[in-house]
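*Asks:* I have a structure I would like to understand better, so I am pasting it below and will then ask my questions one at a time.
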Amino acid sequence: NQGLSAEKAYLCRAMQRLFHAKIQPQSWLLLAAMLFVVVYAGWTRNGLILAIGLLVTALLIDRMIHTTYTVSETELIIHTSRLAKDRVIPLASIHRVERIMGTRIFGRSLSSFLLITYGDGQEIAVIPQNEDDFIKKLRQK
């Protein structure tokens, strides 16, 4: 009986697809700015600004590293950080997935994201690393 539950758990995991978040150029710029603030506050011995800067930098890095999107048979699970609660969206409630292009420079977009419309007109933006596979996986369900 133990083997059966382990096999069932494996099959459940095999039916899920995990997508990591793409780190946008704006996030790298914000991280660089926060690191500058931390170094400057340390250099000038401003303890309050240093503490706030370290806290914001740690939260930013946590979000950058731990944001994932899991598509299972029935739902999309959005995990943004260790401190935030996961958002669970039933796949049946998703009405539209739209690719939005960000600021263009020299004809190339610096960033893009997917805008998911679900439920009663609710929207959420996601930035998976492989947008095409993500959309394909959502449409399979």
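The values are calculated or read from the model by the stated rules, or taken from the named source; none is laboratory data. Computed from a predicted model, the values in this text were never measured in an experiment. Here the Cβ positions follow ideal geometry from the backbone for every residue, glycine too, while neighbour counts run over all protein chains shown. All accessible areas refer to the heavy atoms of the entire protein, side chains included, with ligands and DNA or RNA removed. Shrake-Rupley method; radii C 1.70, N 1.55, O 1.52, S 1.80 Å.
*Asks:* For S93, indicate whether it is of a type in the set (G, A, S), surrounded by 15 or more Cβ atoms within 10 Å (Cβ to Cβ) and closer than 30 Å to D133 by Cβ.
*Replies:* No, not satisfied.
*Asks:* Within the range 18-31, can you find the residues that are modelled with pLDDT of 90 or more, open to solvent by 60 Å² or more (accessible area, probe 1.4 Å) and assigned to a helix (DSSP H, G or I)?
*Replies:* Matches in the range 18-31: W28, L29, L30.
*Asks:* If we only count strands (runs of 3 or more DSSP E) wholly inside the range 32-141, which ones have 2 or more residues that are in contact (Cβ under 8 Å) with a residue 60 or more places away in the chain?
*Replies:* Working: elements: 68-71, 75-79, 87-90, 94-101, 112-118, 122-126.
Here the list reads 68-71.
*Asks:* Further, regarding this structure: Of these, E123, E75, E98, which one is of a type in the set (D, E, K, R) and touching a helix residue (DSSP H, G or I) at 6+ places or on another chain (Cβ under 7 Å)?
*Replies:* Numbers: E123 fails: touching a helix residue (DSSP H, G or I) at 6+ places or on another chain (Cβ under 7 Å); E98 fails: touching a helix residue (DSSP H, G or I) at 6+ places or on another chain (Cβ under 7 Å).
After ruling out the rest, the residue left standing is E75.
*Asks:* Quick check on the range 32-71: of everything there that is over 30 Å from I105 (Cβ atoms) and touching a strand residue (DSSP E or B) at 6+ places or on another chain (Cβ under 8 Å), which residue is surrounded by the fewest Cβ atoms within 10 Å (Cβ to Cβ)? Reasoning before the result, please.
*Replies:* Initial filter on the range 32-71 (over 30 Å from I105 (Cβ atoms)): 41-52, 54-55, 58, 70-71.
Imposing the further condition that a residue be touching a strand residue (DSSP E or B) at 6+ places or on another chain (Cβ under 8 Å) reduces the set to 70-71.
On the way: T70: 15, V71: 22.
Taking the candidates together, the pick is T70.
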